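Please read the structure below before turning to the comments.
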Amino acid sequence: MKDETPVLHVLDVYKSYGDKLILDNIDLSVKAGELCTLVGPSGSGKSTLLRLVLGQELPTEGQLLIDGEPVGFPDPTRGIVFQRYSLFPHLTVLENVCLGANLAAGLIERRRRRREIRDEAMGYLERVRLGAHAGKYPHELSGGMQQRVAIAQSLIKKPRILLMDEPFGALDPDTREEMQVFLLELWDESRMTVFFVTHDLEEAAYLGTRILVLSQYYTDDRGAGAQRGAKLVADYRLPRLAASTEVKREAGFAELIDRIRFEGFSPDHLQHVREFNLQHPDSFQTLTSREESAWT
Ligand SMILES: Nc1ncnc2c1ncn2[C@@H]1O[C@H](COP(=O)(O)OP(=O)(O)OP(=O)(O)O)[C@@H](O)[C@H]1O
Ligand SMILES: [Mg+2]
């Protein structure tokens, strides 16, 4: 059944830059409607993994599939929102959002559909509550508003998966929290599939229906001389409690964050690769023959 096909499927993916191994046999399956957050120490390869899903870069080895099809060059099946600089400064808010649709449509269709695209873009601007600001330029908006335009610009392409790389990282704490609540409301309405990278554990635990931990801090039996990259060392299913930010103050929330910090962020506490905390029902881990032979 089509519904059973994961939106994103990553199998035995390795990524090296030069002779430096960054991602080390990543396996991941994400179902439709999941709001997946990815955390990990700086430099563990979170953005690298996102770029592979986007198709901006190729894996050194392994496979990435969107709806069962191999990932190609960036196309409208994947939307992306970066920390900043997603908007064109010389275009109005409305034009910026239209551009998202324009890039997705061909030239002839674009001419024919100009009016339609503008209406559609206005619809998305209303959804991100910026209808009243359509004629402004990006520099006339606050950081949070600019990021909402960037989200609208991505959503108009109707991506199968929305990729976000530290989208709220440049915002002040209050605006950041407002944007978190906003994203959850948007997700509640649409149940879109989201893959959200952040190095803020609290943000990840608050937003995610699933939280993945990518880390270079683990141990295995490959010996001291082996080249190691980051692996997914933990994978949790989280209860989607409420959009209220009150949960951030609860004891269970702080405990989860402490545990994740321990599992992925502490160079002194190395978990063995066979004992990763892969609790999510879709989680899986295949060992390659190279790894198996090191363990037998
Ligand atoms: N184009 C590149 N060429 C060479 N090395 C790269 C390239 N891109 C990333 N790297 C290296 O790959 C590693 C992972 O980088 P990446 O940006 O994916 O980490 P990250 O987890 O997103 O970190 P941060 O939390 O700081 O954003 C880093 O050591 C980085 O220096
Ligand atoms: Mg990054």
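Couple of notes before you dig in:
- Burial order of peptide ranges 148-155, 30-37, 212-219 (average beta-carbon count within 10 Å, highest first): 148-155, 212-219, 30-37
- Loop sites in segment 35-136: chymotrypsin sites (Phe, Trp or Tyr not before Pro), DSSP, at most 16 other Cβ within 10 Å: 85
- Length-normalised contact order of segment 1-86 in % [C-alpha pairs under 8 Å, at least 6 apart]: 34
- Ratio of Rg to Rh over segment 1-157 (Cα coordinates, Kirkwood Rh, two decimals): 1.02
- Placing +1 on each Lys and Arg Cβ and -1 on each Asp and Glu Cβ, with no other charges, gives the chain a dipole about its Cα centre of roughly 1120 debye.
- The chain: relative contact order in percent, alpha carbon pairs under 8 Å with at least 6 residues between: 25
- Inverse mean reciprocal Cα-Cα distance (Kirkwood Rh) of segment 87-158, Å: 11.8
- Local net charge near residue 116, Cβ-Cβ under 13 Å (Lys/Arg +1, Asp/Glu -1): +4
- Remark on the chain: Rg and Dmax equal 19.9, 65 Å (Cα only).
- For segment 226-232, putting each phi into the Karplus relation 6.51 cos²θ - 1.76 cosθ + 1.60 with θ = phi - 60° gives couplings of 5, 6, 10, x, 7, 10, 7 Hz, in residue order, rounded to whole numbers and with x for Gly and Pro.
- Kirkwood-type radius of segment 207-273, with distances r between different C-alpha atoms, in Å: 13.5
- Segment 19-45 versus segment 182-235: alpha-carbon centroid distance in Å: 6
- Equivalent-ellipsoid semi-axes of segment 126-248, from the Cα gyration tensor, Å, largest first: 32, 17, 14
- Each label point was placed 7 Å from the Cα along the Cα-to-Cβ direction; for residue 60 and residue 181 their separation is 4.5 nm.
- Rounded to 10°, Cα long-axis angle of helix 114-127 versus longest principal axis of the chain: 60
- Expressed in units of 2.2 N^0.38 Å, where N is the residue count, the Cα radius of gyration of segment 55-95 is 1.59.
- Proximal lysine pairs, the chain, alpha carbons under 26 Å, eight or more residues apart or interchain: 19
- Listed residues 91, 154, 102: farthest to the positive end of the dipole of segment 87-158 (Cβ charges): 102
- Peptide ranges 70-76, 8-14 listed from the most packed, as the mean C-beta count within 10 angstrom indicates: 8-14, 70-76
Here, each number is a calculation from the coordinates, and none is a lab measurement. Just so it is clear, the model here is predicted, and its values are computed rather than measured. FYI the Cβ positions are ideal-geometry reconstructions off the backbone, even for glycines, and counts take in every protein chain you see.
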